[in-house]
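Here is the structure we will look at.
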Amino acid sequence: SVDLRECVSVVIALDYATELTQECVQIVYLCMVENGHGLSVTSHPSRVLSRSGGNATLPCTIHRDQSLAPNRKMRIKWTKLTFDLLTEVDVLAAMDYHKRSYGSYHGRVHLCGSSPSDASLVIEDITLDDYGRYKCEVIDGLEDATVVVSLDLEGVVFPYSPRLGRYNFNFQDAERACREQDGVVASPQQLREAWRGGMDWCNAGWLSDGSVQYPITSPREPCGGQNTPAGVRTYGLRNKNMNHYDVFCFTSHYNGHFYFLPHVTKLTYDEAAAACRRDGARMATVGHMYAAWKLSGYDRCDAGWLADGSVRYPVARPRPRCSPTRPAVGFLGFPDKKHKLYGVYCFGPGR
Amino acid sequence: MWLPETDPADVLNVNIPLQSPQRPLLGGTLILPCHFEVCVSPNIAPLSRRIKWSFITKDKVSTILVALEGEVRISESYLDRVHLVGYPLTPTDANIMISELRSSDSGVYRCEVQHGIEDNHDDVRVKVQGIVFHYRPIIGRYMMTFEKARDACTQNSAVMASPEQLQAAFDDGYHQCDAGWLSDQTVRYPIHDPRVNCQGDKENVPGVRTYGMRQLNETYDVYCFAEKMTGRVFHITSAEKFTFSEAELACSTKGAILATTGQLYLAWQGGMDICNAGWLGDRSVRYPINIRRPQCGGGLLGVRTVYLHTNQTGYPLLQAPYDAFCYTGKYISELVKYF
């Protein structure tokens, strides 16, 4: 007889006979006094960087104690975590020769499988929605173990507000607005990263966890106070239906060609749209311009129409009369679409 | 070898047939049923499904137990108080019973069933209800017979705590160095740090000490149990503060009455945090602290009590200036109108 209180965990094993009756059930207490578990999984590195359109391998290595019975079927499952601890999105499950991928991951994911202890996940053709934290779970009989890996994407964060002006989006509007600019709502981590890179924006915007924040690198009175330290200011989690703010979107590399349409500089909005079409392209979105500016160093001091009716210009090399002090995407608002004042930025198939 | 991939159909259904949240009482027992059905060929061994229960809070997910092939592994922290009700005699019975419920058992419970590549789960939210508190009347320490102790709890929106409830409060970290009546006519007190100079303490082990069954006319303090908040407790103040009778008046002008000690404990449990002491209906003066800070109750959490004497007896004088804690419920606001 053992004192069960000394056990790290107790296995109550039942001797099982073919016919189940009370009499033939014999309870055996197996005391597992050894510390720790016979199974663990690790991930090195625990953060992986990729880009939209690219591939990534999320590492997950299985470590199995000798004391575990051999040749048990292990089940590997990958899920994507969300901001709600109770909700995970299924990505892939595998056991033996059975494999299954789920939803938008179907056909884009497989296990690396370089050895029996390798549970690493390969994701191909990465989209902006793939950004986030993934859980590798391995089940081996009564044992199970998990590890979390982050998939980070190269990209750019940009603020967005609509023609109506500042603070007009509830959370659903914000999601739609980013989607229309070829982006997704940025995460708090992505905004923090952008702030480290020098982003300064004095209008509060939605982030993907439902919080509302804004990044300040040069503290000043209307933006949380002059004598406060620089940082990402936060309003905390806000009501997704009732509260209205701007939004911070995130976009990454795109598959296509972004360009200022040559030879035309004085167009109305409708003429601009037609001009892009004649060129075998469409009007570019705000996301296209930010991605080209930040990720490819696109530089052009000409204001041009974009698909949402705004007029902007991307300056990668600061110079007088464009953006004198810092690289920036200039913004001339949402002018009357009938004004024959601006050129146009188009987006077409890759050249 | 690659078999063709198919999109999953819901071949494994897992269901906890309960409304969320469940509201069991502190110290009580909770049965969480979990049903599952597998739509595969019936000749699969019934015990080949892996059952896992876990407990999820804001900060973390912890395993309660795992069952497979007739074996059950219970995590250490649940060893004495959780078991599968019908498993493995009924291999599809994943119901669990949790006893000695503590406040810290409040959270989300997940029943997860895995069979081969398939898995599914269901969740239920549990909010363990009620709070145990120590009560000492204005007349001093160890002054209440069993009957007086029962009345004191009743007058403070509570009942006498049971030994199970005091034990659960102890398991949540409750510590009080004063012997008090419990509902079964025993006298006990919960001790975590036996080195503290507590009367009658002879051992070196933490635990709930008991004096055993006592005569009804012996006198002690009491441990009360308040179950749930029915109305709302709020704090009021003024520049000059209130005497006790001013505090009574100030509440009634707000359509309320002075809160009871039990109501203030429930409000504290609901998150109330006020760093100013206020009058309560029994003439005691207390304040609820949820955020640790040195200037409010010496950095300690809980409902802090202002005693008249340094040996923690007596209530402040009626003319002493304090804030007030008022209570209003539907019934109260109707009643106050007629004063």
In this structure, the FRET efficiency calculated for residue B:217 and residue B:77 from their beta-carbon separation, with R0 = 60 Å, to the nearest 0.05, is 0.90
Take each of the peptides B:12-23, B:219-230, average the number of other beta-carbon atoms within 10 Å over its residues, and list them starting from the highest.
-> B:219-230, B:12-23
Please label the shape of segment A:88-206 as rounded, prolate or oblate, based on the square roots a ≥ b ≥ c of the eigenvalues of the alpha-carbon gyration tensor (a/c under 1.5 means rounded; beyond that, a/b larger than b/c means prolate, else oblate).
-> prolate
Kirkwood-Stokes translational diffusion coefficient of segment A:125-278, alpha-carbon pairs, 20 °C, 1.002 mPa s, µm²/s = 119
Enter the per residue convex hull volume of segment A:48-127, computed from alpha-carbon coordinates, in Å³ rounded to the nearest integer.
-> 124
Can you give the average number of partner chain beta-carbon atoms within 10 Å of each beta-carbon in peptide A:99-108, as a whole number?
-> 3
In the structure shown, do any of A:240/B:254; A:80/B:52; B:127/B:228 have a Cα-Cα gap over 23 Å, and if so which?
-> A:240/B:254
So how much slack lies between residue A:98 and residue A:326, counting 0.36 nm per residue of separation and subtracting their Cα-Cα distance, in nm?
-> 76.6 nm
For the pair residue B:125 and residue A:263, how long in nm is the line joining their label points, each one 7 Å along Cα→Cβ?
-> 6.4
Any idea what log10 I(q)/I(0) is at q = 0.29 Å⁻¹ for segment B:54-111, Debye with uniform C-alpha scatterers and no solvent?
-> -1.37
D for chain A, whole µm²/s, Stokes-Einstein with Kirkwood Rh over alpha-carbon pairs at 20 °C and 1.002 mPa s: what number?
-> 90
Gaussian network model of chain A, springs between alpha carbon atoms under 10 Å - residue of A:245, A:105, A:235 with greatest fluctuation = A:235
Which whole number of Å³ per residue matches the convex hull of the alpha-carbon atoms in segment B:13-126?
-> 99
Anyone know which of A:124, A:143, A:175 comes out most mobile in the 10 Å Cα GNM of chain A?
-> A:143
How big is D, in µm² s⁻¹, for segment A:253-348 by Stokes-Einstein at 20 °C and 1.002 mPa s if Rh is the Kirkwood radius over C-alpha pairs?
-> 164
Anyone know which of B:86, B:302, B:27 comes out most mobile in the 10 Å Cα GNM of chain B?
-> B:86
Kirkwood Rh, Cα atoms: Rg over Rh of the protein assembly as shown | 1.06
Counting other Cβ atoms within 10 Å, which trypsin sites (Lys or Arg not before Pro) in segment A:154-206 have at most 15 and lie in a DSSP loop?
-> A:163, A:166
Inverse of <1/r> over all distinct C-alpha pairs of segment A:182-221, i.e. the Kirkwood Rh in Å, gives 10.6
Dividing the alpha-carbon radius of gyration of chain B by 2.2 N^0.38 Å, where N counts its residues, gives 1.24
Listed peptides A:150-160, A:268-278 by packing density, highest first (mean Cβ within 10 Å) = A:150-160, A:268-278
Which whole-Hz couplings ³J(HN,Hα) result when phi for each residue of segment A:205-218 is put into the Karplus expression 6.51 cos²θ - 1.76 cosθ + 1.60, θ = phi - 60°, listed in order with x for Gly and Pro?
-> x, 5, 10, 5, 7, x, 8, 10, 9, 8, x, 10, 9, 10
Calculate the mean, over all residues of peptide B:69-78, of how many other protein chain Cβ atoms lie within 10 angstrom of the residue's Cβ.
-> 5
Find how much the distance from residue A:203 to residue A:106 grows on full extension, using 0.36 nm per residue of separation minus their present alpha carbon separation; answer in nm with one decimal.
-> 31.1 nm
Calculate, axis by axis, the spread of Cα positions in segment B:131-226 along the three principal axes, and write the results as whole Å, longest axis first.
-> 35, 24, 23
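No value in this document is a laboratory result; all are computed from the given coordinates. All of these numbers come straight from a predicted model, not from anything done at the bench. Every residue, glycine as well, gets a Cβ built from its backbone with ideal geometry; the counts of neighbours run over all protein chains shown.
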